[in-house]
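In what follows, a structure is listed as structure tokens, so that the remarks can point back to it.
Computed from the coordinates by the stated procedures, all read-outs in this text should not be read as laboratory data. Keep in mind that what you see is a predicted model, and the values were worked out from it rather than measured. In this analysis, Cβ positions are derived from the backbone assuming ideal geometry, glycine residues included, and neighbour counts consider all displayed protein chains.
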2 protein chains.
Amino acid sequence: MDLSALFDLSYGVYVVSSMDGDRPTGCIANSAMQITAEPPTLAVSINHDNFTHGCIEKTGRFSLSILPETIAPLTIGRFGFRSGRDNDKFDGVDYQMVDGLPVLSESTSYCLFEVTDKMETETHTIFLARLLDAQKAAGGKPMTYSYYHQVIKGKAPKTAPTYQPPAK
Amino acid sequence: MDLSALFDLSYGVYVVSSMDGDRPTGCIANSAMQITAEPPTLAVSINHDNFTHGCIEKTGRFSLSILPETIAPLTIGRFGFRSGRDNDKFDGVDYQMVDGLPVLSESTSYCLFEVTDKMETETHTIFLARLLDAQKAAGGKPMTYSYYHQVIKGKAPKTAPTYQPPAK
């Protein structure tokens with residue numbers, strides 16, 4: 001068994017956001033994929049330990065901000081490293097509220113979803129969700145997970161306290 | 001609503017294979033993602049109409065061949081266009097049987113899976129599956145779905161009878 005074979009799977013890099021009451025929060029996610037075209041449906045996998053997980057469970061709604069290659073590594077670190085439990089992750093981030101959900105202004109595009117079903121695993125929940133809205137935002141080239149690892153990782157300052165690869 | 005926003009999601013290009021009795025069969029899939037690290041678990045979305053769908057339902061096992069950028073467009077057409085119901089898709093394809101499942105020799109890496117759970121939608125089943133084995137194969141750069149659309153589509157002969165973009 002050579003687990004590095006799994007590194008050949010391709011992903012994007014996204015910020016999945018939801019609301020903690022009136023407070024927007026979010027986390028980095030790589031595991032998101034469209035499931036059906038009609039109606040447009042997506043599946044996203046979120047770790048039970050992510051604060052955002054509980055917010056999605058409670059509200060049944062989340063947004064997906066698709067990150068561009070030009071996103072600041074510190075923005076990825078902000079959403080990927082710190083916990084939304086103790087931090088207002090959107091503080092200092094350029095974002096807008098759309099239909100009650102936060103989306104990053106720097107996203108190439110964003111989508112809003114309503115949870116319709118879920119499947120549990122030991123560590124992650126796979127949320128199945130119906131598309132409520134989808135819009136082009138800042139445009140640009142969507143970042144892939146391999147681009148993030150190969151290009152961004154090398155350029156980001158290792159001393160940056162918020163810098164860390166996003167959790168898979 | 002601008003559904004083209006969904007095109008900014010990133011995917012790989014894979015051949016998902018299973019067995020129809022003693023006969024190997026498979027189809028093109030883009031929607032595959034790792035869900036948990038321990039134990040290694042993957043989710044893959046397969047259309048109900050795909051012949052491979054029924055074979056996975058019956059056998060509870062499938063393989064994932066990760067396609068390289070250098071894969072012949074005709075190979076993608078072979079698995080993406082024709083139905084395994086009426087065609088031996090692996091005829092003329094360089095493949096090997098590993099633990100009873102077919103994998104493409106040209107794959108960068110391949111993984112073998114056992115289904116542990118599933119979630120239904122109107123058109124697709126999301127199979128949750130435990131990793132049985134993972135191995136590096138021919139290596140090379142894994143093909144992304146956007147590479148396939150931007151690079152391969154332009155180069156493939158439009159007259160090729162088997163050529164067609166893989167179904168999402």
Discussion item. Could you work out the relative contact order of chain A? I mean the mean sequence separation of Cα pairs under 8 Å and 6+ apart, divided by the number of residues, in percent.
Written reply: 29 percent
Response to the item:
Taking every residue of B:121-127, the Cβ atoms of other protein chains inside 10 Å of its Cβ average out to 5
Worksheet, complete the sentence: For peptide A:35-41, the mean count of other chain Cβ atoms within 10 Å per residue Cβ is 6
Worksheet, complete the sentence: The extension gain from A:T123 to A:M97, computed as 0.36 nm times the residue separation minus the Cα-Cα distance, is 6.4 nm
Fill in: Label geometry 7 Å along the beta-carbon vector: B:H48 inter-copy distances in nm
3.2
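If we count other beta carbons within 10 Å of each Cβ, what is the order of B:K89, B:K136, A:K141, fewest first?
Numbers: B:K89 26, B:K136 15, A:K141 12.
Ascending number of Cβ neighbours within 10 Å: A:K141, B:K136, B:K89.
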Worksheet item: How would you classify the range B:82-141 from its alpha-carbon gyration tensor, with a ≥ b ≥ c the square roots of the eigenvalues: rounded for a/c under 1.5, else prolate if a/b is greater than b/c, otherwise oblate?
Response: oblate
Worksheet item: Non-local amide H neighbours of A:Y11 (under 5 Å, H modeled in plane, Pro and chain starts lacking H): which ones?
Response: A:Y145, A:S146
Worksheet item: Cα-Cα over 25 Å: which of A:K58/A:K136; A:K136/B:K118; A:K118/B:K58; A:K136/B:K141; A:K141/B:K118; A:K58/B:K58?
Response: A:K58/A:K136; A:K136/B:K118; A:K136/B:K141; A:K141/B:K118; A:K58/B:K58
Worksheet item: Nm distances between the label at A:V98 and the same-position labels in the remaining copies, 7 Å along Cα→Cβ, shortest first?
Response: 4.0
Worksheet item: Could you name the aspartates and glutamates in cross-link range of B:K89, using Cα to Cα under 18 Å and dropping any fewer than eight places away on the same chain?
Response: B:D20, B:D22, B:D49, B:E106
Practice prompt. Could you please rank B:M119, B:M19, placing first whichever residue has the fewest other Cβ atoms within 10 Å of its Cβ?
Written response: B:M119, B:M19
Response to the item:
Lys and Arg at +1, Asp and Glu at -1: neighbours of B:G92 with Cβ under 15 Å from its Cβ sum to 0
Practice prompt. Report, by chain and number, residues whose modeled amide H sits under 5 Å from the one on A:V98, excluding near sequence neighbours (fewer than 5 apart, same chain).
Written response: A:V103
Worksheet item: If you take the square roots of the eigenvalues of the alpha-carbon gyration tensor of the range B:16-80 and sort them as a ≥ b ≥ c, do you get rounded (a/c under 1.5), prolate (a/b over b/c) or oblate?
Response: oblate
Discussion item. Quick check on chain B: take the gyration tensor over C-alpha atoms, sort the square-rooted eigenvalues as a ≥ b ≥ c, and tell me if it's rounded (a/c under 1.5), prolate or oblate.
Written reply: rounded
Worksheet item: With Cβ to Cβ distances under 15 Å as the rule, what net charge do the other residues near B:L64 carry (K, R +1; D, E -1)?
Response: -3
Worksheet item: Hey, what D do you get for the protein assembly as shown in µm²/s if you plug the Kirkwood alpha-carbon radius into Stokes-Einstein at 25 °C and 0.890 mPa s?
Response: 121 µm²/s
Worksheet, complete the sentence: Shielding of A:63-76 by other chains, given as the mean Cβ count within 10 Å, works out to 1
Worksheet item: Using the alpha-carbon centroid of each, what span in Å lies between the range B:55-79 and the range A:27-45?
Response: 21 Å
Worksheet item: Within a Cβ distance under 14 Å of A:K141, other residues only, what is the Lys/Arg minus Asp/Glu net charge?
Response: -2
